[in-house]
Amino acid sequence: MDLVHGEILDSASLSAARLIILDADNEPRVVQFYRRLGYQESLWAEAQARKGIGSKSVAAAATVKMIRDILA
C-alpha cells in the first residue's frame, strides 16, 4: 500500500487521481485495515448493490467497495 499511495501522493510524479477505489474482502479485520489507512466504505456502491437485489435470501457480498479521497 505504501507503493500505491506513494505513486499517487508523491509530488514528483504527475497523477490526475483524486480517489483511490478498491474492493476489500468482506471480513472485519480486512475492512479495519483499510479504515486505518484512511479508506471509507462507499455508501453509493452499497446503495446500488441493494437496489439490484430482488431476492429474499441475500448472501453477504464477498467484497466491500472502499474509497479514499486523497485531497481530503
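The values are calculated or read from the model by the stated rules, or taken from the named source; none is laboratory data. From a predicted model like this one, the values you see are computed outputs, not experimental measurements. A quick note on method: Cβ atoms are made from the backbone with ideal geometry, for glycine too, and the neighbour counts reach across all protein chains shown.
Things worth noting here:
- Flag for Ala45 being modelled with pLDDT under 75 and surrounded by 10 or more Cβ atoms within 10 Å (Cβ to Cβ): no
- Beta carbons closer than 7 Å, at least 6 apart along the sequence or on distinct chains, pair a first residue in segment 22-50 that is under 18 Å from Val4 (Cβ atoms) with a second that is surrounded by fewer than 13 Cβ atoms within 10 Å (Cβ to Cβ) for Leu37/Met1.
- Boolean, Arg29 is loosely packed, with under 14 Cβ neighbours inside 10 Å and at pLDDT 90 or above: yes
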